[in-house]
Amino acid sequence: IGVELDIFLPQLKVGVEYDGVYWHKDKKTNDNKKNVICYDHGVQLYRLREKGCPKLNGKSVDIHLEGHGIGYLLSACQELLNNIYVEHNLFPVPKINYYDDIAEIRELYRHAVSDTWNEQFDEARKYYLKNGNLRVPYNYVTETGFHLGTWITNARSAYAGYSDVGIGRERIDQLNAIGMIWSVPKEQWEQGFQEAEEYYRTNGNLRVPINYVSNNGYKLGVWIRSQRKQDKLTPSQVERLAQIGMIWDVFGEDWETGYAHANAFYNIN
């Protein structure tokens, strides 16, 4: 149906979303939009929403957790099952017993996550084989409907420690093997430096005109001008640019050149 759901039961045309307050407190517009899409496609969307999430447009069945903690979550999950089973005339309604079922739940979850990861990684691998890189646009969706751009972004967040999920060493190695770019700004800077280095080798300087575009279509003139500010450069980046003749102050450099010629002329005469 064009949207990603946490759980989808195609035989019942039922979707389930878990809305944590941290991520969904400011996502009311997006959540309402997803509700409408599901509604228009005949999918009944159930939402488990943590305390603090805003009220939505009524196109979904919202089950609000009364607080934070496993007890509130179990109660909400039981209410979810009750709603789904009664709505579809499925009996008997199962009773959740967390303490009896937790070992089996963890084992099933471990296998499900592993299987899902393999499928998602395969989509990333296909993209790499086709394009030679993993510079995946954020809104890119594969032919199978998988939101690969979002998945790549989430993997970067997990790697950087911005996610509670985290990412294991084995998966990091898998992604590295197909050219994963963990830091987009760093990778973009390296691309600019390579273009600058090539220009220096060809011309012997970095007096790059502002409108200069390389044979690869890279706007090197614009990139060089932005580097002169130095406000976002690391000491290592400053040193590397200096080694290939970076001119930090163009006007100052021109003045010094003009003065040198004037002084030479003065001494001759």
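The values are calculated or read from the model by the stated rules, or taken from the named source; none is laboratory data. Just so it is clear, the model here is predicted, and its values are computed rather than measured. Glycine also receives a Cβ, built like all others from the backbone with ideal geometry; neighbour counts cover every protein chain displayed. Ligands, DNA and RNA are excluded from the accessible area calculation, which covers all protein heavy atoms including side chains. Shrake-Rupley method; radii C 1.70, N 1.55, O 1.52, S 1.80 Å.
Miscellaneous remarks
- Rg/Rg_ref, the stretch 180-238, where Rg_ref = 2.2 N^0.38 Å and atoms are Cα: 1.12
- Dipole of the stretch 1-149 [Lys/Arg +1, Asp/Glu -1 at C-beta], most positive-end residue of Val36, Pro94, Cys77: Val36
- Put a plus charge on the Cβ of each Lys and Arg, a minus charge on the Cβ of each Asp and Glu, and nothing anywhere else: the dipole of the stretch 1-45 about its Cα centre is then about 100 debye.
- Length-normalised contact order of the chain in % [C-alpha pairs under 8 Å, at least 6 apart]: 8
- Against the empirical curve 2.2 N^0.38 Å, the C-alpha radius of gyration of the chain lands at a ratio of 1.52.
- For the stretch 87-241: relative contact order, % (alpha-carbon pairs under 8 angstrom, 6 or more apart): 12
- The share of accessible area on the stretch 77-236 that comes from carbon and sulfur is 50 percent, using a 1.4 angstrom probe.
- Mean Kyte hydropathy of 1.6 or more with a Cα span along the axis of at least 30 Å, helices from DSSP in the chain: none
- Exposed trypsin sites (Lys or Arg not before Pro) absent - longest run of the chain, DSSP non-H/G/I/E/B, at most 12 other C-beta within 10 Å: 96-228
- Residues whose amide H comes within less than 5 Å of that of Asp62, counting only those at least five positions distant or on another chain, are Arg47 (H built at 1.01 Å from N in the peptide plane).
- The stretch 146-256: translational diffusion in µm²/s, Stokes-Einstein, Kirkwood Rh over Cα pairs, 25 °C, 0.890 mPa s: 150
- Percent accessible area from carbon and sulfur atoms, the stretch 1-72, protein chains only, probe 1.4 Å: 53
- Cross-link pairs Lys186/Lys229; Lys28/Lys232; Lys126/Lys219; Lys55/Lys95; Lys27/Lys186; Lys59/Lys95 - those with Cα-Cα distance over 23 Å: Lys28/Lys232; Lys126/Lys219; Lys55/Lys95; Lys27/Lys186; Lys59/Lys95
- Largest to smallest accessible area among Ile210, Ile63, Ile268 [probe 1.4 Å]: Ile268, Ile210, Ile63
- DSSP-defined beta bridges in the chain - what % are antiparallel, rounded to 5: 25
- Over 15 Å [Cα-Cα, the stretch 9-98], rounded percent: 60
- Per residue accessible area in Å² of the stretch 57-204, where ligands, DNA and RNA are left out and the probe is 1.4 Å: 66
- Value at 222 nm in deg cm²/dmol, rounded to 500, when DSSP H runs of n ≥ 4 in the chain each add -39,500 (n - 2.57): -17500 deg cm²/dmol
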